[in-house]
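These notes concern the structure reproduced below.
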Amino acid sequence: MNIIDLSVPVRHGEGRLGLEVKFDTPYSFESCGWQGSTFSMFAHYGTHVDAPIHFIRDAATIEAAPLGKLIGPAGLIDLSDHCKAVGIAAGTLEDRGRHVRRGDIAVLRTGWSDESWGKERFWRDGPWLTPDAADWLVERGVKAVVYDFSEEYVVHLSHDFRGEDCVVHHKILGEEIYNIEYVHHLGLIRTPRLAIVALPLKLVGLDGAPARVLAIEGHDLPGEFSVG
């Protein structure tokens, strides 16, 4: 069994949309003989999971995310030739994602985050999903989608985007399919079938949360199982 950590590191001073990651250490070895730190960050920076309420009014918040939708078998769709400013269309997903099964987590690999994470061009110059690609994911019956790029076209155009303009998020989250966003190291995955584990922090009432996301090769977890 091969375990790959897909989560991007989060560092003090990083962030997006004018919201900076902040670390502090109010308890230190110098002051009290032990260390205890605090952090604050935008819930949608770094590797994280979107809850439906992120774009769907009155929908489920992140602490209510069913873990069965965030853990399980996955199908990797190789899109490494889309590591650039180009739309990923339904026809491409259909051609390359025939092995993706109903109830899977779809993993979309472009390599964009490995090339540009931490730079402004990650948000501006990378690939995106076309609306019909979002429809394909819905029709395929996936339960979550893993991205190594920013999937919404309007986010590439401006920081001042409106929620109603984010068509892909509405299509995906509106069907209670969970977005697992901004991973890296998808190039280390060697097999088209694998398992994904994505565990967001249980932040009550919020629209998303940072997550540790793992790819597991050689251990295909069942599609439905009980989580206590």
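Could you run through segment 47-76 and say how many residues are buried (at least 23 other Cβ atoms within 10 Å of the Cβ), assigned to a strand (DSSP E or B) and either hydrophobic (A, V, I, L, M, F, W, C) or without any contact (Cβ under 8 Å) to a residue 60 or more places away in the chain (or both)?
Count: 3.
State the number of residues belonging to segment 156-189 that are assigned to a helix (DSSP H, G or I), β-branched (Val, Ile, Thr) and touching a strand residue (DSSP E or B) at 6+ places or on another chain (Cβ under 8 Å).
Result for segment 156-189: 2.
Please go through (1) modelled with pLDDT under 95; (2) farther than 22 Å from Val8 by Cα for Val100 and return the number of the only condition it doesn't satisfy.
The single condition Val100 does not satisfy is (1).
Which pairs have Cβ atoms under 8 Å, sit 6 or more apart or on different chains, and link a residue in segment 130-143 that is farther than 16 Å from His99 by Cβ to one that is at pLDDT below 95 and surrounded by 20 or more Cβ atoms within 10 Å (Cβ to Cβ)?
none
On the basis of being surrounded by fewer than 16 Cβ atoms within 10 Å (Cβ to Cβ) and either in contact with a Gly (Cβ under 9 Å, 6 or more places away or on another chain) or farther than 28 Å from Leu17 by Cβ (or both), does Glu139 make the cut?
yes
What residue, of Ala106, Ala85, is buried (at least 19 other Cβ atoms within 10 Å of the Cβ), in contact (Cβ under 8 Å) with a residue 24 or more places away in the chain, small (Gly, Ala, Ser) and not in a helix (DSSP H, G or I)?
Values: Ala85 fails: buried (at least 19 other Cβ atoms within 10 Å of the Cβ).
Answer to the selection: Ala106.
With over 20 Å from His44 (Cα atoms), at pLDDT 95 or above and within 17 Å of the chain's Cα centre (by Cα) as the only criterion, which of Ile177, Ile88, Ile172 stands out? I'd like the intermediate steps shown before the answer.
Numbers: Ile177 fails: over 20 Å from His44 (Cα atoms); Ile172 fails: over 20 Å from His44 (Cα atoms).
Selected residue: Ile88, the only one of Ile177, Ile88, Ile172 that is over 20 Å from His44 (Cα atoms), at pLDDT 95 or above and within 17 Å of the chain's Cα centre (by Cα).
State which residue is nearest to Ala209 (Cα to Cα) when the search covers only segment 19-46 and only residues that are among the small types (Gly, Ala, Ser) and in contact (Cβ under 8 Å) with a residue 24 or more places away in the chain.
Across segment 19-46, the extreme among qualifying residues is Ala43.
Any residue at all in segment 29-42 that is on the phi > 0 side of the Ramachandran plot and not in a helix (DSSP H, G or I)?
Checked segment 29-42: at least one residue is on the phi > 0 side of the Ramachandran plot and not in a helix (DSSP H, G or I).
Name every residue in segment 9-33 that is in contact with a Ser or Thr (Cβ under 8 Å, 6 or more places away or on another chain) and surrounded by fewer than 12 Cβ atoms within 10 Å (Cβ to Cβ), in order of residue number.
Across segment 9-33, the qualifying residues are Asp24, Pro26.
Looking at (1) surrounded by fewer than 23 Cβ atoms within 10 Å (Cβ to Cβ); (2) on the phi < 0 side of the Ramachandran plot, which is the only condition Ser113 fails?
Result: Ser113 fails condition (1) only.
In segment 88-100, how many are touching a residue at least 12 places away in the same chain (Cβ under 8 Å) and part of a loop (DSSP other than H, G, I, E, B)?
4
Would you check which residues across segment 53-80 are under 22 Å from Thr110 (Cβ atoms) and in contact with a Ser or Thr (Cβ under 8 Å, 6 or more places away or on another chain) and list them?
Leu76, Leu79, Ser80
The values are calculated or read from the model by the stated rules, or taken from the named source; none is laboratory data. For clarity, every value in this text was computed on a predicted model and none was experimentally measured. Cβ coordinates were reconstructed from backbone atoms using ideal geometry, including for glycine residues, and neighbour counts include every protein chain displayed.
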